[in-house]
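Attaching a single structure in structure tokens format; questions to follow.
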């Protein structure tokens, strides 16, 4: 067995376990750490797919940013008590049904489609290529995302700030 | 016509009205008031004889659809009404003294009046329904009278027994009446063709019941439980003559076979009762059995076709039997006065030598006994002679066609004629002649004229002169042509008449002689004396009441067996049916509850569940909405993929 | 190492994210579910673009990640505001547009 296969199976096992933990646990903070683990493992899988830049961005934004923001959100919206920060579940059985349908329906479709890679020569320097593409092929999208991020920044701070009435 | 109807109604109701009016008077005079009303009625009934002299009075009243109540007062009825009221008047007069000091004397008067009126109603009724109603009223009022001392258990029981035996016979009569009415005959006068055998037999049995013929004889001795004047009335003119009267009425339409039955039963009853009377010790029981015996004679008279003689015997018997009973009553009165409840005042063994204390009673008793025994120059000889010679003639007629069994009837009749003087002479000797060990001497007892007068009248009326000029002519009754001209009597040859009368006279003389030999020479009977079997057999009236009891007990046990069968098998099977029905119902109920209801409930629950599920579509939860959205989305994809 | 393995992993992540969105009551965890689904999509994009000289899939993945970051920022801002009004972060209890 190739080394990459072993690494893939290892990372996939970590992800499946973490996702299972997310599904079955009630402790919110642990769920968030499991989510961080999932994102990190996913970054590893990106590396296996020769997408180093995506993996790095994944690590930075998800594991470094989003999880931290979520922890903040939890801390701001939950009364911390001795019991710990927990949450409940509901409509489990329909959800399980949906899970199974999506899982096996999708798996069945993947199995039937029998997709394979059309192996071609990859660019040697992915970061360079990515930069060039941002500024050539995907320039409009790049600019829109930049603008969107600005709007998000402003909007988020506007939404989250305390109103004058609330101050009173 | 209308006036006559009202008149007859008044005649029937007057005694009862008198009984009610008497309630307003003092105890001492109430019976006198009663007697006065009966006297008025008696005078009225003489008027009635005049009214129906030329033609009989018939009145009918529409009752229900197809039913008309009809009364028919002809000469016979009018004469008998007069007889009944005459005897009733004497009985009332006698009762004035006899019942003095008794409790409930007004009740007694009303009962007696009611009884008399019922009997008169029976005499005039022509419709069978009316006849039956009065027949029952007579039976019921006799029950009331017999149970006059209702607080004495033994007497109440006797009354009940007498009443029950009457009921059985009345059931026969009712059956006969129903059979006749089904055939379309509604009244006695409408009968003009011979009766059917069975309908006639039932009617005859009903008459046997009232007239105490075998096998219903047992009730008459029981009826002695009532006061003695009541016995006089019951035995002399009313009630027991009702059956004879009915048969006299029916005699033109009775078939020969039934007449034969009547003759045999009458002769048998006459002999049976005379034989039983021989061993009685109760002064009234002897007379009761003698009544049964004389009624048997009347039946023989009807059966052999000597209907006029039967009616004649009814007529004469009424007087001398009333005289006998009243004599016995005055004897009892005396003994009661003497004994003061110490000894039985009715037991002849306790009596003796009474002729010195009760001379009038002795004379009357003797005269009436002679009439009963059938000594020439007394009434009984004439009427009985007709019946006896009639029976010989009848038996001869049957003998000519080779039916020798018919000679049984005259044989029994003559045997009875031999026995009758024996038992009545025995009574006379025991009561008036012989001595007794008991102290019956008393001074200062005077018989009231209220007692003596009726006795004297009845004694006089037992002599031949009042019935026919020739004391030896059995068919010389004054009234036979007047009242019974329409009845076809058996033609009796002169020779047979003479033979019958001579033989009867010889038998009577022989009987009296025999009685004198046995009882007339100072025999003293004591109460504790043992009786041999024949005496016991006769004393108990041939165990007839025991036979009734045995029949009743047999029937009762039969009913018990039936009840057991009913309980064990029929009830059980019905129970089983019921249980199976319950089980079936339970299973049906189960099916209903769990299958039918189940389907209904399931549909309801299904609808409710569907409603709940579909109602969640409107749920407020965002995640639920997402869920439904997903389900829809997946459905769409599945549709696209697979269909 | 073929394409299907990555796709199977991706569908698993997607289905799990979807389930988490349906099941968990807390709004933050709902966001986690959404992130998992986005990650599943990213994994698909990256996997498909493994032998792509123009690496379009990777480019899109980067855009998605950036948008996811923006989305999570806005979402949490809204959540905090909602919490101020409702005093709860429970999604099923937040059922009025105006409080």
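FRET efficiency for residue B:494 and residue B:253, Cβ-Cβ distance as r, R0 = 25 Å, nearest 0.05?
Computed FRET efficiency for residue B:494 and residue B:253: 0.25.
Any idea what angle helix B:27-51 forms with the longest principal axis of chain B, computed on alpha-carbon atoms, 0 to 90 degrees, nearest 10?
Value to nearest ten degrees: 80.
Taking Cα atoms of the protein assembly as shown, Rg/Rh with Kirkwood Rh, to two decimals?
Rg divided by Rh gives 1.71.
On to the next question. Taking 25 Å as R0, compute the FRET efficiency from the Cβ-Cβ separation of residue B:183 and residue B:486 and round it to 0.05.
On the way: r = 23 Å, r/R0 = 0.93.
Between residue B:183 and residue B:486 the formula returns 0.60.
Something else: For B:271, B:418, what ranking results if the residue with the fewest other Cβ atoms within 10 Å of its Cβ goes first?
Going from least to most buried by this count: B:418, B:271.
Run the numbers on the range B:122-275 and let me know its relative contact order in percent, using alpha-carbon pairs under 8 Å that are six or more apart.
Value for the range B:122-275: 28 percent.
Given contacts defined as C-alpha pairs under 8 Å and at least six residues apart, what's the relative contact order of chain B, whole-number percent?
Working: 953 pairs, mean separation 76.3, N = 643.
Answer for chain B is 12 percent.
Also, I was wondering about something else. How big is D, in µm² s⁻¹, for the range B:539-643 by Stokes-Einstein at 25 °C and 0.890 mPa s if Rh is the Kirkwood radius over C-alpha pairs?
112 µm²/s
Using only alpha carbons, build the gyration tensor for chain B and give me the equivalent ellipsoid semi-axes, biggest first, whole Å.
Working: eigenvalues 1046, 181, 151 Å².
With the √(5λ) rule applied to chain B, the semi-axes are 72, 30, 27 Å.
Which one, A:56, A:67, A:151, has the greatest fluctuation when you compute a Gaussian network model over chain A with C-alpha springs under 10 angstrom?
Judging by the Gaussian network model, the answer is A:151.
How far is helix B:622-642 tilted off the main Cα axis of chain B, in degrees rounded to 10, range 0 to 90?
80 degrees
OK, next. Give the Debye-formula value of log10 I(q)/I(0) at each listed q (0.16, 0.17 Å⁻¹), with one equal scatterer per alpha carbon of the range A:15-167, two decimals each.
With one equal scatterer per Cα and no solvent, log10 I(q)/I(0) is -1.26, -1.29.
If you count, for every residue in A:67-73, the Cβ atoms of partner chains within 10 Å of its Cβ, what is the mean?
Other-chain Cβ atoms within 10 Å of each residue's Cβ, averaged: 5.
Okay, moving on. Quick one: angle between helix B:449-460 and the longest Cα principal axis of chain B, in degrees between 0 and 90, rounded to 10, please.
The two axes meet at around 70 degrees.
Right, something else. Quick check: residue separation of residue B:62 and residue B:597 times 0.36 nm, minus the Cα distance between them. What number comes out in nm?
Gain in length upon complete extension: 186.1 nm.
Still on this structure, I have one more. Taking only the alpha-carbon atoms of the range B:222-283, what semi-axes of the equivalent ellipsoid follow from 5 times the gyration tensor eigenvalues under a square root, in whole Å, largest first?
On the way: eigenvalues 145, 62, 7 Å².
Largest first, the range B:222-283 gives 27, 18, 6 Å.
A further question follows. Expressed as a fraction of 2.2 N^0.38 Å, the rule-of-thumb size for a compact globular protein of N residues, what is the C-alpha radius of gyration of the range B:17-59?
Normalised by 2.2 N^0.38 Å, the Cα Rg of the range B:17-59 equals 1.58.
Tell me what chain A gives for mean residue ellipticity at 222 nm when only DSSP H runs of n ≥ 4 count, each as -39,500 (n - 2.57), the sum divided by the residue total, rounded to 500 deg cm²/dmol.
Mean residue ellipticity at 222 nm (helix-derived): -23000 deg cm²/dmol.
If you don't mind, there's one more thing I want to ask. How long is the gain from residue A:135 to residue A:71 if the chain were fully straight, where each residue apart is worth 0.36 nm and the alpha carbon distance is subtracted?
Length gained, residue A:135 through residue A:71: 19.6 nm.
Each label point is 7 Å from the Cα along the Cα-to-Cβ direction; what then is the distance between the points at residue B:547 and residue C:1, in nm?
Between residue B:547 and residue C:1, the simple spin-label model gives 13.6 nm.
If you take the C-alpha gyration tensor of the range B:302-366, multiply each eigenvalue by 5 and take the square root, what semi-axes do you get, largest first, in whole Å?
Computed over the range B:302-366, the values are 33, 13, 9 Å.
Separate question: From Cα pairs below 8 angstrom and at least 6 apart in sequence, can you work out the relative contact order of chain A, rounded to a whole percent? Walk me through the intermediate numbers first.
Working: 80 pairs, mean separation 28.5, N = 168.
Relative contact order for chain A comes out at 17 percent.
Can you put B:30, B:415 in order of Cβ neighbours within 10 angstrom, beginning with the fewest?
Placing the least packed residue first, the sequence is B:415, B:30.
For a footprinting-style exposure proxy, rank B:416, A:3 by other Cβ within 10 Å, fewest first.
A:3, B:416
Right, next: Going by Cα centres, the range B:192-249 and the range A:86-148 are how many Å apart?
What the calculation gives is 130 Å, centre to centre.
In Å and whole numbers, how far do the C-alpha atoms of chain C stretch along each principal axis, longest first?
That gives 53, 24, 15 Å along the principal axes, largest extent first.
Could you tell me the calculated FRET efficiency between residue B:154 and residue B:555, based on Cβ-Cβ distance and R0 = 30 angstrom, to the nearest 0.05?
The calculated FRET efficiency here is 0.80.
What residue among A:16, A:47, A:145 shows peak mean-square fluctuation when chain A is described by a Gaussian network model with Cα springs under 10 Å?
Sorting by GNM fluctuation, first place goes to A:145.
Read the figures in this text as sums done on the coordinates, not as results from a lab. Just so it is clear, the structure is predicted and the values come from calculations on it, not from any experiment. No Cβ is skipped: glycine too gets one built from the backbone with ideal geometry, and neighbour counts run over all protein chains shown.
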